[in-house]
1. Would you tally the net charge around Asp393, using a Cβ to Cβ cut-off of less than 13 Å, leaving Asp393 out, and scoring K and R as +1, D and E as -1?
2. Normalised by the empirical 2.2 N^0.38 Å for globular proteins, what value does the Cα Rg of region 77-150 take?
3. Amide H to amide H, which residues 5 or more places from Thr17 or on other chains are under 5 Å from it, using H placed in the peptide plane?
4. How large is the charge dipole for region 1-150, taken about the Cα centre, if only the Cβ atoms of Lys, Arg (+1) and Asp, Glu (-1) carry charge, to the nearest 20 debye?
5. I need Asp428, Asp393, Asp32 ordered by Cβ neighbour count within 10 Å, fewest first.
6. Among Cys140, Cys258, what is the fewest-to-most ranking by other Cβ atoms within 10 Å?
7. What does the C-alpha gyration tensor say about the overall shape of region 345-499? Classify as rounded when a/c is under 1.5, otherwise prolate if a/b is larger than b/c, or oblate.
8. As a test of the definition: which semi-axes, in Å, follow for region 160-328 when you take the square root of five times each eigenvalue of its alpha carbon gyration tensor? Largest first, please.
Amino acid sequence: MNKPLIIRADANTHIGTGHLMRCLALAQAWKDSGGEVAFITACDSTGLLQRLSDEGFQIVTLKRSYPDPADWEVTSQALAAHPNAWMVLDGYHFDPAYQRRIKEAGHQLLVIDDMAHLAHYYADIVLNQNLHAAQLHYFCESYTQFFLGTQYVLLRREFLKWEGWQRETPEVARKVLVTLGGGDPENQTLKVIRALQEVNVDGLEAVVVVGPSNPHLRELQSAIRNPQSAIRLVQNVTNMPELMAWADVAISAGGSTCWEMAFMRLPTVLLVLAENQRFVAEQMGATGAALDLGWHKDLTPDKIAQSITGLLTDLQKRLQMARHSRELVDGEGSDRVLMRLEGGRLRLRPVREEDSKILWEWANDPDVRAVSFSPEPIPWEQHVKWFKSKLNDPRCIFYIAVNSDDVPMGQIRYDTEDNKAVVSISMDRKLRGKGYGSRLIGLASRRLFGVSNVDTINAYVKQGNEASVGSFVKAGFREMGTKMMHGHQAAHLILRREEVT
């Protein structure tokens, strides 16, 4: 991928951090696919800016946001410096005039939107990752495409490592996670703390995440100063998935964090802190994936405490919420969006139980068996046993390549040990010789380096399979000579983390 991605999104106490954080997920996917990313942002959080810097993204900071003229002046300069870049806008203040300027500058435009509140959209693509997206009407150009619904939820890389994780649901829940957004200007977090102090459940523990733009830290610290308190505050959190895995129940605002909790199957109580969160909370409540308490000003600590207590003690309710939650978000949203942006021909998803049969058919293809180190056909019963062992092996990282219609195209598997991996790949016979193999190897290798501590990938190709060697070389692997593998001479190829750009 050669096109850069320029992202224009802000974060502050008033608007929170959700716009910037979901753009971070898209930026990670773009970079993992080999692209460059630049953020243009009016962000008042040094922690968030450091996070972007640590990811290796270029950052251009603004003192004031649009409609201040300086905003467009800086943005237009960045666009001029990257004439073939995709532009991403995420923020309610980027009006039709701003969008039109981007298109007139000759750039493709993705607008991430939640409300269809503008009179017109000039975007090439409008992305709305919410349940209510299909109910909205967008006034737009004839060329505009729509990515609507939770299949396009943008999840950051740290969440994708939890694909396939199974939540344990206790009889009585005692671990509560509170996260009300990056800003919380009206200090609803304090109200929730007061509510938790009224909850009468033995052994209750609570972790309260204080967002990077929250101005009320001292007041919150004062509220839990009692040494007997089982409530603790954490700030500048970098391990949110781990906290969600630790918790039995969450209390959250109705923002984009909802989708992260849904992915983690975490039963959630929702408070609506802003008008744009109403639809999200209502739809989550209607699907049974969350408990919607409604508008925050209508809630007292006592009412919140009653709802929390009821959920903590209702095992069946929590099981039901966890089941409905994961049905909403599969974790593949960033890859679906990325595939469309870059005009890609395939994307990756984790292997699933239902893939067993097609993997068996691919493995038993005569051409595949001919270049395998074990050329005999594989009996079904043997395959099922092997496949289950791979699904349950934390050292095995296994992907299916799919096209834009989610139809399987091939597979790639990494068997890891410490910081090394051995790769295995095969494509559907109809797609061989068309360049898909090298694309799959390159895409999956970057993904592996992003989600694991692997720093070296080894490939062993049976002698005579020059097409496969060529695919690995095209994907950046270096030939290291030959080696005996299972009684056969094999070409040894290697790719190191530092060699991937």
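1. +3
2. My calculation over the Cα atoms of region 77-150 gives 1.07.
3. Gly182, Gly183
4. The calculated dipole for region 1-150 is roughly 100 debye.
5. So the residues, fewest neighbours to most, are Asp393, Asp428, Asp32.
6. Final ranking by Cβ density, sparse to dense: Cys140, Cys258.
7. The shape class here is rounded.
8. Each semi-axis is √(5λ); the values are 22, 18, 16 Å.
Each value in this text was obtained by applying a stated rule to the coordinates, not by laboratory testing. From a predicted model like this one, the values you see are computed outputs, not experimental measurements. All Cβ positions, glycine included, derive from the backbone under ideal geometry; neighbour counts span all protein chains shown.
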